[in-house]
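First comes the structure, then the notes that go with it.
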Amino acid sequence: MVDQPASDGLTWQPITQADLDDLGVLLTAIEHLDEPSERHNMDALSDAFVGPDADPGEDSLLGRDGGGMAVAYAWNHPATTDLDPRRVYLTGGVHPGWRRQGIGRQLLGWQLDRAREWYDETYAELVGPLQLTAYVDEKLEEQQRLYRAAGLAPVRWFADMGLTFEREEDGSPRLPPAGEVPAGIRLVPYSKKLSEAVRLAHNDAFSEHWGSKPVARGPWEDQLSRSVARSSWSWVALDAATSEVAGYAMNSAYEQDWEAQGFSEGWTERLGVRRAYRGRGIARALLAASMASFAEAGLDGSGIGVDSDTPTGSINLYPELGYAATSTIVMYARLEQRDPDSAGESGESEDRR
């Protein structure tokens, strides 16, 4: 069992469902100062607490001061279906009034130790090394220094891009021009019966993408059932001759971000085109259909997150459609080749960054 942080004046317990409201208050205070590009959502916190991979009783800590106020937290999210590498995603934060006391450093140390403990507990033959992963806004330099000091390194940059719709005289969003659908392709609204075919198309479309792993049916369905998912705004490109899924745009609404950013937007969560269908303008048509759905829903704009080093070259498409970069998210990671048989003796690991 990993020792809890030894911070004076704080008591530590795993996060329980009864703590989620207090955790939300803590996150609001953190976000008020840091102004991150992504903000918390209470439904998403509840989803994370009861998700199939969730074990907050072992993988989380909430720190309270003497008056019972939640002032710091740490929460590990192991990707239990990943085998090579075995990934654990790290989230956490400290209330602005309790910073610069070493709490963040101690919490991160606990998270790394707990991630290694989880790896050792779940180790089996034919699994790869442990990958410790965290995402942070590029502008939050203090948090980046914390990750670097713990041995994590910046390995990937993701640009959040967005556009706002022009408006009609009555103030309503103007529908973007309809995208030209490529010959031999037809666009259809996403429906539940297409879910499995879209999942398989996604795995094919991202098979060459850095760090991407095939998404199993269970996690795929879990993602589509999240409170932020908007299947009614999502689109699928079908081969007109065979009805094979050629591409897809799965869209969401992160309403918790709208007030802070000053406008509402639909968010393209997943956009992909199978390799055999690339170079025909399918992604452009899917984005145009998505934007039309957002405008029809009365939203102010459209957003998407883009890997700055995508192998498909699609990053060049977004500025052509009017998207502009709004923020940058940095992925920090550390890869460790562990020996579970000796981990209990020395706790040492080899850093293979």
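The values are calculated or read from the model by the stated rules, or taken from the named source; none is laboratory data. Computed from a predicted model, the values in this text were never measured in an experiment. All Cβ positions, even for glycine, are placed from backbone atoms using ideal geometry, and neighbour counts span all protein chains on display.
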Report summary line: K213 passes all but one of the listed conditions (1) surrounded by 14 or more Cβ atoms within 10 Å (Cβ to Cβ); (2) without any contact (Cβ under 8 Å) to a residue 60 or more places away in the chain; (3) within 27 Å of D53 (Cα to Cα); the exception is number (2)
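Go through segment 107-136 and count every residue that is surrounded by fewer than 20 Cβ atoms within 10 Å (Cβ to Cβ) and out of contact with any Phe, Trp or Tyr (no Cβ under 8 Å at 6 or more places or on another chain).
Qualifying residue count for the region: 14.
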Report task. Restricting attention to segment 137-195, report how many residues are in a loop (DSSP other than H, G, I, E, B) and closer than 30 Å to L335 by Cα. Result -> 6
Query - Answer from T133, T91 - the residue that is in a strand (DSSP E or B), over 20 Å from V215 (Cα atoms) and either among the β-branched types (V, I, T) or not assigned by TED's automatic domain parsing to the domain that holds L33 (or both) - result: T91
**Report entry** Looking only at segment 40-83, and only at residues there that are under 19 Å from the mean Cα position of the chain (by Cα) and among the charged types (D, E, K, R), the one that is farthest from L132 (Cα to Cα)
**Finding:** D43
Requested in this report: Take the residues in segment 1-53 that are among the polar types (S, T, N, Q) and free of Cβ contacts under 8 Å to residues at least 60 places away in the same chain, then tell me which one is nearest to D222 (Cα to Cα).
Outcome: S46
Requested in this report: For segment 231-273, name all the residues that are among the hydroxyl-bearing types (S, T, Y) and under 20 Å from E296 (Cα atoms).
Outcome: S231, S232, S234, Y248, S252, Y254, S264, T268
Query raised in the report: What number of residues within segment 141-185 satisfy the criterion of being touching a Gly at 6+ places or on another chain (Cβ under 9 Å), at pLDDT below 95 and hydrophobic (A, V, I, L, M, F, W, C)?
Result: 7
